[in-house]
Amino acid sequence: MNLYNIKHPEQQVNFAQAVRQGLGKDQGLFFPATIPQLSNIDELLALPLVERSQKILAALIGDEIPADKLNAMVKNAFTFPAPVVKVADNIYALELFHGPTLAFKDFGGRFMAQALATVRGDGKITILTATSGDTGAAVAHAFYGLDNIDVVILYPKGKISPLQEKLFCTLGGNIRTVAINADFDACQTLVKQAFDDEELRQAIGLNSANSINISRLLAQVCYYFEAAAQLNTEQRQNLVVSVPSGNFGNLTAGLIAKTLGLPIKRFIASTNANDTVPRYLQTGEWQPNATVATLSNAMDVSRPNNWPRVEELFKRNGWQLSELGSGALNDAETETALKAQYAQGYLCEPHGAIAYQVLKDQLQTGETGLFLCTAHPAKFKESVERILDIELPLPEALDKHNKLPLLSDEMDNDFATLRAYLLK
Ligand SMILES: *Cc1c(COP(=O)(O)O)cnc(C)c1O
């Protein structure tokens, strides 16, 4: 597999290098040089998840990874289902939260861990990542206990749910978690600064594991096929997919699936009040505001780092950005949407509720709508219980961690401090 740096196309790497490096020169994102057109979509859709995903990833990655290795990576990563559930007459939910940390980031995180363990060279590896909630949990759990891989996770102190925090800050072992006294964008900037520091990078074998890493995106492509596989031919004909978006990795994966030939009529990028992209699509002006905290905090991102990949795909495919649907909901609208879903008989959480409502508002006659449910409702227990006036039992996976003490360190938003911490 050949990939290039979107910022410096002359920088070319293979899959192993892209996985190990995460980011290219000048923090440029790696992107596949070619994406094949699959001719056997219907055959693929007839296969079970793991087998189909092995074929899709083999088509994307090529023979750089031997088939038996790749097959094992996929099998170890995709250990849980992604069911499609009917919510209204022509609207379906794709539930991506049945993995060990109850969020869709388990797909990308687990495949990334497998990929890195497969392509790693000698020497130390340190995973450094910033999280606004779920990435951290998925990464921590995916790498927990792997030999010679240290993980350091930065998150905005007090800006993620207490339960989310418990899920990944209680592991210990090779997982270190750091609460930064700042917002998520600041955490992301600290990570970028670390990657720009060549000496540091070499010393500790820095690697990023957030949605920037290409292996995560490739893994996520697979569940769009899984969704289509659960719909019938007629429903697939005019399929519209609404993606609750923060850093836009999820949407990028969906666009790659479409490029491979999966029949998706159009996508809708759904955001909360951090609506840089919906505003950009309407006005043509890229004007990020300061990030605001919302109910759907995993999407509290005003400078989505995967956006250049989205634009690259549109450009390369000759698609118009005007074909990309979008919509944004504020917190009050999110609450209304969550209640409406519940009245329909479907229990959701704020991220999925936004994707549902924006889809519902924009779906046209004759279209089938699919929205992505990115987290289990219990991961947002406090909000969901308050808004719906119900009591949610904690699933076992959360309950176990909820009883353990937090092991996080605390740090100010200061790169020099972080650098010393990483070298320690
Ligand atoms: C990360 C996350 C998102 C946003 O996904 P991106 O790929 O960053 O756009 C949406 N919902 C939940 C629950 C998440 O954890």
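Each Lys or Arg adds one and each Asp or Glu subtracts one; over the other residues with Cβ under 9 Å from the Cβ of ALA290, this totals -2. The protection proxy used here, the mean number of other Cβ atoms lying within 10 Å of each residue, ranks peptides 168-174, 253-259, 131-137 as follows, highest first: 131-137, 253-259, 168-174. What whole-number distance in Å separates the alpha-carbon centres of the stretch 328-391 and the stretch 233-304? The stretch 328-391 and the stretch 233-304 have Cα centres spaced 16 Å from each other. Per-residue Karplus couplings for the stretch 376-382, computed as 6.51 cos²θ - 1.76 cosθ + 1.60 with θ equal to phi - 60°, are listed in order as 5, x, 5, 6, 10, 3, 4 Hz, Gly and Pro entered as x.
How would you classify the stretch 254-347 from its alpha-carbon gyration tensor, with a ≥ b ≥ c the square roots of the eigenvalues: rounded for a/c under 1.5, else prolate if a/b is greater than b/c, otherwise oblate? Please report the intermediate quantities before stating the final value.
Working: a/c = 2.33, a/b = 1.34, b/c = 1.74.
The shape class here is oblate.
How large is log10 I(q)/I(0) at q = 0.08, 0.10, 0.11 Å⁻¹ when the Debye formula is applied to the Cα atoms of the chain, each weighted equally and without solvent? Normalising to I(0) and taking log10 leaves -0.39, -0.63, -0.77.
Quick one: work out the % antiparallel among DSSP beta bridges in the chain, nearest 5. List each step's numbers first, then the result.
On the way: 12 of 48 bridges.
Of all bridge pairs located within the chain, approximately 25 percent are antiparallel.
Look at TRP286, TRP319 and count the other Cβ atoms within 10 Å of each Cβ; fewest to most, that gives TRP286, TRP319.
Write out the GluC sites (Glu not before Pro) in the stretch 234-336 meeting two conditions: DSSP loop, and at most 14 other Cβ atoms within 10 Å of their Cβ.
Values: sites: GLU234, GLU285, GLU311, GLU312, GLU323, GLU333, GLU335; in loops: GLU285.
Taking the stretch 234-336 and a limit of 14 other Cβ atoms within 10 Å, the loop GluC sites (Glu not before Pro) found are GLU285.
Shape summary of the stretch 99-243, radius of gyration then Dmax from alpha carbon positions: 16.7, 56 Å.
Of LYS339/LYS403; LYS55/LYS315; LYS105/LYS157, which ones are farther than 32 Å apart at the Cα? Over 32 Å Cα-Cα: none of the listed pairs. When the Cα gyration tensor is reduced to axis lengths a ≥ b ≥ c, the ratio a/c is 1.5 or higher for the stretch 235-309, and with a/b above b/c it is classed as prolate.
Just want to confirm a number: the relative contact order over the chain, from Cα pairs under 8 angstrom separated by 6+ residues, in percent. Please report the intermediate quantities before stating the final value.
Working: 834 pairs, mean separation 84.0, N = 424.
Relative contact order here is 20 percent.
Summarise the long-distance tail of P(r) for the stretch 299-424 by giving the % of C-alpha pairs beyond 27 Å. The calculated P(r) of the stretch 299-424 puts 44 percent of pairs beyond 27 Å.
None of the figures in this text is laboratory data; all of them are computed from the coordinates on show. Computed from a predicted structure; not experimentally measured. Cβ coordinates were reconstructed from backbone atoms using ideal geometry, including for glycine residues, and neighbour counts include every protein chain displayed.
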